[in-house]
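Working notes for the structure below.
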Amino acid sequence: MLTIDSKIKIIRDFRPVAQPHFKNEDAIGYIIWGLYNRIFDAIKSVVVLLDNGRYYDAFLIAGHALETCAVLSYIKDNDTEMKQLKNYNKYVARSAVGSLLAILDTGESNLAIDYEWNAYVAMLCIFFPVGASIIKDKKTDGKSAAERHEAIIKVINSRRGTNAEKSKILRDSYQRPIPQDYITSFSKRFDNIDDGEFSRFYMKYCEFKHSNMLSPGALVGDINDKQIEWPLNIMLLIIVYLDKSKLTPYTTKNN
């Protein structure tokens, strides 16, 4: 049975695979390695927080690492390049919808200010090529997903109308990210070796994050050894996955 200190040492001693240098032709590789590095940053942060007795914050960072690792697996761990591309497109599309909604929901000028409009248009340029992959199923209109997507873009690619109207169209028309789905899929791709621990931990992470002071462990001195071990066990499983995932450096065409 590993002690808390020995688990922390394993996490502390983890060393990532060196990242290749990217050029513009490999967007999927860039995203995959960006997620990988974000996970490693989280691993380092958890160690620093544990060293300083910040157990509650370490729990939150471990949850963020699990969520990021699940997204990495969703994009990377597929049988074919076509399936990888399909999942990558869905990930980018859902992320773009989230960014578009953030611009619309926080802006007060209905895109009258140039920098808001420019940010909105830039995100639409990212969203347009991939958005059909997450359009909600509407079998009654007789149109394909690509046709419905193109028609929606023509409507919302304008300064006319309010932010609220555009936001409603996006929410009604496209699937948004469901983090729990990524976690469930990650467990299955990981041969279920977590024995359901990913989902249980993620639910507890969400409770800690959103309930905050009402959650057990939020008050000083309330964190017990079991609650300290939860994020440690998750981080150990993540390290096992990163070692197992065979993410190796490669040379891009323009290197």
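Before moving on, here are some points about what is shown:
- Candidates Ile43, Ile32, Ile103: whichever shows maximal mean-square fluctuation once the chain is modelled as a Gaussian network with Cα springs under 10 Å: Ile103
- GNM result for the chain, Cα springs below 10 Å: residue of Val17, Val46, Val155 fluctuating most strongly: Val155
- Average 1/r across all pairs of distinct alpha carbons in the range 36-82, invert it, and you get the Kirkwood radius: 11.5 Å.
- Cross-link partners for Lys136 among the lysines, with Cα-Cα distance under 21 Å and sequence neighbours closer than 8 places in the same chain left out: Lys83, Lys86, Lys90, Lys154, Lys166, Lys168.
- Highest GNM mean-square fluctuation among Tyr115, Tyr74, Tyr174, for the chain modelled with Cα contacts below 10 Å: Tyr115.
- Which of Ser199, Ser133 has the fewest Cβ neighbours within 10 Å, and the rest in rising order: Ser199, Ser133
- Orientation-averaged projection of the range 1-85 equals 7.1 nm² [convex hull of Cα atoms, one quarter of hull surface area].
- Under the span-like rule (Cα at least 27 Å along the axis, Kyte-Doolittle mean at least 1.0), DSSP H helices of the chain: 27-51
- Amide H contacts under 5 Å for Tyr174, placed H, 5+ residues apart: Lys136
- Here is the list for the range 89-193: GluC sites (Glu not before Pro) lying in DSSP coil, each with at most 14 other C-beta atoms within 10 angstrom of its C-beta, are Glu108.
- Farthest positive-ward along the chain dipole, Cα basis, beta-carbon charges - from Tyr205, Leu170, Ala58: Leu170
- Taking Cα centre as origin and charging only the Cβ of basic (Lys, Arg, +1) and acidic (Asp, Glu, -1) residues, the dipole magnitude of the range 96-173 rounds to 300 debye.
- The translational diffusion coefficient of the range 96-173, from Stokes-Einstein at 37 °C and 0.692 mPa s with a Kirkwood hydrodynamic radius over alpha carbon pairs, comes to 257 µm²/s.
- In whole percents, the pair-distance distribution calculated for the chain from its alpha-carbon pairs, binned every 10 Å from zero, is 6, 25, 28, 24, 13, 2, 0.
- Alpha carbon centroid spacing (whole Å) that separates the range 10-82 from the range 159-186: 25
Quick note: the coordinates plus some simple rules give every number you see, no bench work behind them. Keep in mind that this is a model prediction, so the values were computed, not measured. Quick reminder, even Gly has a Cβ in these numbers, built from the backbone with ideal geometry, and neighbours come from all protein chains shown.
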